[in-house]
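Quick notes on the structure that follows.
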Amino acid sequence: MKVYRLNNRIVMSGKAWEIRAKLKEYGQMYHYVKDWLSEKENRLPKA
């Protein structure tokens, strides 16, 4: 699974179940994609 964060979009490549799981994970951190793109660091906090 790969996540590419570009200036104005996010590109995800991988299997459908991997992308759905990653979207759920990021959905808990960011309400909108706009919020996700505005972050300077695009790393998940370590659990």
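Looking across the range 13-38, just one residue is outside any helix (DSSP H, G or I) and either within 8 Å of the chain's Cα centre (by Cα) or charged (D, E, K, R) (or both), and that is K15. Figure legend. Inter-residue proximity from the range 1-29: first residues within 17 Å of E39 (Cα to Cα) and at pLDDT below 90, second residues among the polar types (S, T, N, Q) and part of a loop (DSSP other than H, G, I, E, B), beta-carbon distance below 7 Å, spacing 6+ or different chains. Indicated pairs: R5/N42.
The values are calculated or read from the model by the stated rules, or taken from the named source; none is laboratory data. Small disclaimer: the values here were computed from a predicted structure and weren't measured. Cβ: placed from backbone, ideal geometry, glycine included. Neighbour counts: every protein chain shown.
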